[in-house]
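Written below as structure tokens is the structure these notes are about.
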Amino acid sequence: SALRAWGYTVDTAMDGLAALVRLRSVRYHLVITDHEMPRCNGIEFLAKARLEIDTNALPPFILITGTPLEDLHGQLDGFVATFAKPISIQML
């Protein structure tokens, strides 16, 4: 809601697979994804997107997670930023 209030157009998906369906047909400027999602987590979502979407059309990805970042070491390649929860909207 804060991003909308600042004038951004926001789209949401319930999980990584639903987001991937949208990413195939809509050109986004940025993707903000949670790590823990049903069916396909944020890291898997980015990996699938990289396989299916032309790299020139792939927007930057930001990962937000409650998992300690050191536990995700080596899995975060491709994200332009990662944030540990809780995150303030000012950080974004």
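Criterion first (among the β-branched types (Val, Ile, Thr) and either free of Cβ contacts under 8 Å to residues at least 60 places away in the same chain or farther than 25 Å from Arg4 by Cβ (or both)) does Ile32 satisfy it?
no
For the list (1) touching a residue at least 40 places away in the same chain (Cβ under 8 Å); (2) assigned to a strand (DSSP E or B), I need the number of the one condition that Ala81 fails.
(1)
Answer yes or no: is there a residue in region 14-21 that is on the phi > 0 side of the Ramachandran plot and assigned to a loop (DSSP other than H, G, I, E, B).
Checking region 14-21: not a single residue is on the phi > 0 side of the Ramachandran plot and assigned to a loop (DSSP other than H, G, I, E, B).
Do we find a residue being open to solvent by less than 40 Å² (accessible area, probe 1.4 Å) and in contact with a Leu (Cβ under 6 Å, 6 or more places away or on another chain) anywhere in region 66-75?
no
Quick one: in region 34-55, which of the residues that are β-branched (Val, Ile, Thr) and not in a helix (DSSP H, G or I) is farthest from Val80 (Cα to Cα)?
Selected residue: Ile53.
When the residues of region 38-57 are narrowed to those that are open to solvent by less than 40 Å² (accessible area, probe 1.4 Å) and not polar (S, T, N, Q), which ends up farthest from Ala13 (Cα to Cα)?
Ala57
Give region 38-92 a look and list any residue that's touching a strand residue (DSSP E or B) at 6+ places or on another chain (Cβ under 9 Å), among the small types (Gly, Ala, Ser) and closer than 23 Å to Ala2 by Cβ, or say none.
Gly42, Gly66, Ala81, Ala84
The values are calculated or read from the model by the stated rules, or taken from the named source; none is laboratory data. Here the structure is a predicted model, which means the values were calculated and not measured. In this analysis, Cβ positions are derived from the backbone assuming ideal geometry, glycine residues included, and neighbour counts consider all displayed protein chains. Note: accessible area is taken over every heavy atom of the protein model, side chains too, but ligands, DNA and RNA are not part of it. Shrake-Rupley method; radii C 1.70, N 1.55, O 1.52, S 1.80 Å.
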